[in-house]
Amino acid sequence: QVHLVESGGGLVQPGGSLRLSCAASGFTFSSVGMSWYRQAPGKERELVAEITTLGGWTNYADSVKGRFTISRDNAKNTVWLQMNSLKSEDTAVYYCSTYTRGARYWGQGTQVTVSS
């Protein structure tokens with residue numbers, strides 16, 4: 001059973017940093033790409049960042065380029081999202097996600113609130 005568990009969210013001031021973690025289990029982690037999405041209140045869920053199996057290629061939403069970094073450790077079955085220079089508009093629930101076995105899977109999400 002595919003299981004994704006996010007952690008690391010919280011309240012941070014504008015300009016601050018957070019590092020989100022996603023622990024994966026129930027599938028061959030090193031064989032699939034991983035993604036981070038976010039959903040702000042009243043808005044659709046959007047792709048934030050994605051990374052290929054070995055981390056050789058990454059892709060970011062324009063709104064986070066230069067501020068966020070996605071990375072992974074296949075030995076630890078973990079993917080991270082380092083978020084720097086956070087802005088109020090980054091406030092959202094952040095979800096870890098993967099597509100495997102013909103379906104997209106999601107974690108439960110972790111709340112990130114950027115506010116002074």
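The values are calculated or read from the model by the stated rules, or taken from the named source; none is laboratory data. This one's a predicted model, so the numbers in the text were calculated from it and none came from an experiment. Cβ placement follows ideal geometry from the backbone for every residue including glycine, while neighbour counts extend to all protein chains displayed. We work out accessible area using only protein heavy atoms, side chains counted, and drop any ligands, DNA or RNA first. Shrake-Rupley method; radii C 1.70, N 1.55, O 1.52, S 1.80 Å.
Are there chymotrypsin sites (Phe, Trp or Tyr not before Pro) in segment 21-79 that DSSP puts in a loop and that have at most 14 other Cβ atoms within 10 Å, and which ones? It would help to have the intermediate numbers written out before the result.
On the way: sites: Phe27, Phe29, Trp36, Tyr37, Trp57, Tyr60, Phe68; in loops: Phe27, Trp57.
When the chymotrypsin sites (Phe, Trp or Tyr not before Pro) of segment 21-79 are filtered for loop state and at most 14 Cβ neighbours within 10 Å, Trp57 remain.
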With every protein chain in place, the accessible area of Val112 for a 1.4 Å probe, in Å² rounded to the nearest 10, comes to 0
So, relative contact order of segment 41-116 in percent, Cα under 8 Å, 6 or more apart, is 20
Both in Å, the radius of gyration and Dmax of the C-alpha trace of segment 27-82 are 11.9, 37
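By how many nm would the segment from Arg19 to Ala75 lengthen if fully extended, with 0.36 nm per residue of separation less the alpha-carbon distance?
Full extension of this stretch gives 18.3 nm more.
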Of Gly26, Gly15, Gly55, the most mobile residue in a GNM of the chain (C-alpha springs, cutoff 10 Å) is Gly26
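Work out how much length Ser30 to Asn59 would gain on full extension: take 0.36 nm times their residue separation and subtract the Cα-Cα distance, in nm to one decimal. Intermediate results must be reported in sequence, preceding the final value.
Numbers: separation 29, 0.36 × 29 = 10.44 nm, distance 1.78 nm.
Taking 0.36 nm per residue and subtracting the Cα distance, the gain is 8.7 nm.
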Once amide hydrogens are built 1.01 Å from N within the peptide plane, the residues lying 5 or more places from Thr100 or on another chain with amide H under 5 Å from its amide H are Tyr105
The chain: Kirkwood hydrodynamic radius (Cα pairs, Å) comes out at 14.1
Cα extents of segment 62-116 along the principal axes, largest first, in whole Å, come to 41, 21, 21
Residue-ordered couplings for segment 69-77, obtained by feeding phi - 60° into the Karplus form 6.51 cos²θ - 1.76 cosθ + 1.60 and rounding to whole Hz (Gly and Pro as x), are 9, 9, 8, 8, 10, 5, 6, 9, 6
For Lys65, the lysines lying under 21 Å Cα to Cα, once residues fewer than eight places off in the same chain are dropped, come out as Lys43, Lys87
Low-density loop GluC sites (Glu not before Pro), segment 38-111, at most 15 other Cβ within 10 Å, DSSP non-H/G/I/E/B, are Glu44
With the 1.4 Å probe rolled over protein heavy atoms, the chain has an accessible area per residue in Å² of 51
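Rounded, prolate or oblate, given the Cα gyration tensor of segment 1-41, with a/c below 1.5 counting as rounded? Provide the component values of the computation, followed by the final result.
Working: a/c = 2.57, a/b = 2.40, b/c = 1.07.
Since a/c reaches 1.5 and a/b is larger than b/c, the shape of segment 1-41 is classed as prolate.
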GNM of the chain, Cα pairs under 10 angstrom: of Arg72, Arg38, Arg104, the biggest fluctuation goes to Arg104
Applied in sequence order to segment 50-66, the curve 6.51 cos²θ - 1.76 cosθ + 1.60 (Karplus, θ = phi - 60°) yields integer Hz couplings, x standing for Gly and Pro, of 8, 9, 7, 4, 9, x, x, 9, 10, 9, 10, 5, 4, 5, 10, 4, x
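Roughly speaking, to the nearest percent, how much of the chain's 1.4 Å accessible area is carbon and sulfur?
Numbers: 2780 of 5950 Å².
Exposed carbon and sulfur together represent 47 percent of the surface.
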In whole Hz, the Karplus estimates of ³J(HN,Hα) for segment 18-23 (6.51, -1.76, 1.60; θ = phi - 60°; x where Gly or Pro) are 9, 10, 8, 10, 9, 8
